[in-house]
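Colleague: Please read through the structure below; I'll follow up with questions.
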Amino acid sequence: MKKNHFFMLATLLLSAAMSTGSVVAADKALAQGKNYHRAKWDPIHFKPAIDSATNEQCLACHKEILDRKPRETSPAGVKKSEVLAWYETLNTYEGEQDTFHRRHLLGPLAKKLMDMKCNTCHQGNDPREETVGSSADSPHAPAMRKMVDPNTCLMCHGQFPWKHMTGLTGPWTEAGKAFGNNCMACHAVFRTNRHKVNFLKPEAIEEAGKTNGDVCYGCHGGRAWYRISYPYPRHAWPGMAKEIPEWAKNRPTESQARFLNDVKTK
Ligand code: HEC
Ligand code: HEC
Ligand code: HEC
Ligand code: HEC
Ligand code: HEC
């Protein structure tokens with residue numbers, strides 16, 4: 001009996017020593033960025049650290065985000081070179097099928113008109129359950145089971161808000177023809193103070209939009225995943241009327257604060 005107990009104790013002590021050893025090993029692995037759980041709960045994923053995180057910092061662990069490519073063929077055998085979705089039919093669409101992340105960060109159109117960072121979309125989420133209100137620390141967590149707040153997507157993937165545009169009688173696909181499919185027919189004068197945010201290139205957008213309505217429409221109805229449109233801030237513009245239309249009464253007059261960091265033109 002006694003002998004047996006001694007043996008058990010020895011085993012316990014030995015395994016305790018071994019686990020201390022593995023903690024040291026884990027720390028070493030952590031120093032090389034290799035411990036999975038520590039990395040998953042790295043403060044960089046959460047507020048406030050995520051606000052100042054650079055793409056390089058995120059990519060040090062998530063290189064796959066930009067490396068991954070779509071399959072050559074779908075599991076059902078459809079070749080990627082033979083498919084074109086409705087949202088890929090705007091005349092600004094270039095190149096072969098690519099991943100969601102690459103289309104927003106590396107695609108030719110993205111590079112020309114946008115300057116998105118990982119934290120433009122990722123604002124931190126609870127990796128435990130990916131849901132709101134389930135843990136004490138998540139009063140401002142993103143929407144249910146999302147890693148990104150869909151309101152961010154809505155800015156560029158909402159419906160074309162034609163009802164707010166005096167002079168338009170219907171959706172752009174119908175009413176646009178009368179204006180030569182050119183938004184500048186009106187927007188050379190209306191709401192001219194626009195796009196001065198840290199994830200867009202305002203000059204490049206104006207330049208490209210001058211001659212191609214699909215450039216503007218692409219972010220304002222041409223790839224609408226939502227049935228609503230984004231309540232855009234209404235920046236004052238030269239020649240703006242004094243009275244505020246009914247629909248615009250609750251609109252902010254400036255872009256969200258986090259989109260104004262590092263904006264030079266203001
Ligand atoms: C030290 C390495 C490391 C860094 C730096 C890092 N991550 Fe992660 N991240 C991880 C690991 C590990 C996971 C867990 C992966 C899994 O479960 O598949 C993870 C998970 C995620 C997830 C998925 C969360 C979920 O609920 O499944 C997102 C989104 C994410 N990271 C984004 C980012 C962004 C954006 C940055 C930069 C602000 C970043 N990460 C920086 C290691 C890192
Ligand atoms: C245009 C917005 C956007 C940008 C910019 C963006 N992401 Fe994401 N990311 C998403 C969305 C949406 C998902 C899917 C979320 C879900 O499934 O709920 C996602 C998922 C992820 C995931 C987890 C799932 C996966 O695909 O492995 C990681 C990790 C991640 N992003 C890292 C990054 C990093 C690193 C960057 C910057 C280089 C970045 N993201 C930039 C929107 C974005
Ligand atoms: C600042 C504007 C902007 C924001 C914000 C944005 N997108 Fe996009 N998105 C674009 C543009 C521009 C394209 C077209 C890219 C191209 O044609 O190369 C696009 C394309 C896409 C595509 C189609 C990709 C393909 O294969 O053709 C999907 C899906 C998508 N976005 C989803 C989202 C989601 C989900 C979010 C939010 C997490 C989001 N986008 C946020 C501008 C944006
Ligand atoms: C017939 C004139 C006209 C044309 C053409 C036109 N717009 Fe507008 N647009 C307006 C007016 C007027 C407003 C509202 C001005 C105000 O805030 O009082 C407006 C507002 C907007 C808004 C802000 C809506 C909101 O809810 O805050 C966006 C975005 C917009 N236009 C994009 C476009 C795009 C993109 C095109 C081309 C695809 C376009 N417009 C074509 C007249 C026009
Ligand atoms: C790459 C996506 C993208 C393109 C291309 C684009 N927009 Fe926008 N637009 C946005 C986003 C995002 C906002 C909201 C920015 C903010 O929060 O201030 C916006 C805001 C606006 C507004 C509201 C202005 C205000 O008062 O702040 C108008 C009007 C508008 N866009 C018209 C246009 C016109 C006209 C074009 C073509 C010349 C165009 N957009 C091209 C993404 C885009």
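Colleague: Quick check: is even one residue across region 134-148 at pLDDT 95 or above, surrounded by 14 or more Cβ atoms within 10 Å (Cβ to Cβ), within 10 Å of ligand 3 (Cβ to nearest atom) and under 21 Å from HIS62 (Cβ atoms)?
Modeller: Initially, region 134-148 is screened for residues at pLDDT 95 or above, giving none.
No, the conditions are met nowhere in region 134-148.
Colleague: Next up: Just a yes or no: is a residue in region 226-239 outside the structural domain of GLU94 (by TED's automatic domain parsing), more than 16 Å from ligand 2 (Cβ to nearest atom) and in contact with a Gly (Cβ under 7 Å, 6 or more places away or on another chain)?
Modeller: Yes: region 226-239 contains one or more residues that are outside the structural domain of GLU94 (by TED's automatic domain parsing), more than 16 Å from ligand 2 (Cβ to nearest atom) and in contact with a Gly (Cβ under 7 Å, 6 or more places away or on another chain).
Colleague: So, of the residues in region 212-265 that are assigned to a loop (DSSP other than H, G, I, E, B) and among the hydroxyl-bearing types (Ser, Thr, Tyr), which turns out to be most open to solvent (accessible area, probe 1.4 Å)?
Modeller: Among residues in region 212-265 that are assigned to a loop (DSSP other than H, G, I, E, B) and among the hydroxyl-bearing types (Ser, Thr, Tyr), the one most open to solvent (accessible area, probe 1.4 Å) is THR253.
Colleague: While we're here: Select, from GLY176, GLY167, GLY239, the only residue that is more than 28 Å from the chain's Cα centre (by Cα) and more than 9 Å from ligand 4 (Cβ to nearest atom).
Modeller: Result of the check over GLY176, GLY167, GLY239: GLY239.
Colleague: Only helices (runs of 4 or more DSSP H) wholly contained in region 74-121 count here; list those with 2 or more residues that are farther than 18 Å from LYS201 by Cβ and free of Cβ contacts under 8 Å to residues at least 60 places away in the same chain. Steps first, please.
Modeller: Values: elements: 100-105, 108-113, 118-121.
The helices (runs of 4 or more DSSP H) meeting that bar are 100-105.
Colleague: Which residue pairs have Cβ atoms under 8 Å apart, sit 6 or more places apart or on different chains, and have a first residue in region 246-257 that is more than 10 Å from ligand 5 (Cβ to nearest atom) and a second that is open to solvent by less than 90 Å² (accessible area, probe 1.4 Å)?
Modeller: From residues that are more than 10 Å from ligand 5 (Cβ to nearest atom), the pairs are TRP247/HIS164; ASN250/PRO231.
Colleague: Any chance you could count how many residues in region 199-211 are open to solvent by 30 Å² or more (accessible area, probe 1.4 Å), farther than 24 Å from ASN261 by Cα and within 9 Å of ligand 5 (Cβ to nearest atom)?
Modeller: Qualifying residue count for the region: 1.
Colleague: So which pairs qualify, if the first residue must be in region 174-198 and in the same structural domain as ARG234 (by TED's automatic domain parsing) and within 11 Å of ligand 5 (Cβ to nearest atom), the second must be among the polar types (S, T, N, Q) and modelled with pLDDT under 95, the Cβ gap must be under 6 Å, and the two must be at least 6 apart or on different chains?
Modeller: LYS196/THR265; ASN198/ASN261
Colleague: Let me ask something else about it. If a residue must be more than 10 Å from ligand 1 (Cβ to nearest atom), within 12 Å of the chain's Cα centre (by Cα) and of a type in the set (S, T, N, Q), how many such residues does region 91-119 contain?
Modeller: 0
Colleague: Need the failing condition index for GLU64 against (1) at pLDDT below 95; (2) surrounded by 11 or more Cβ atoms within 10 Å (Cβ to Cβ), just the number.
Modeller: Answer for GLU64: the failing condition is (2).
The values are calculated or read from the model by the stated rules, or taken from the named source; none is laboratory data. None of the values given here were measured: they were computed from a predicted structure. Note that we place each Cβ from the backbone using ideal geometry, even for glycine, and neighbour counts take in every protein chain shown. Just the protein is used for accessible areas: all its heavy atoms, side chains included, with ligands, DNA and RNA removed. Shrake-Rupley method; radii C 1.70, N 1.55, O 1.52, S 1.80 Å.
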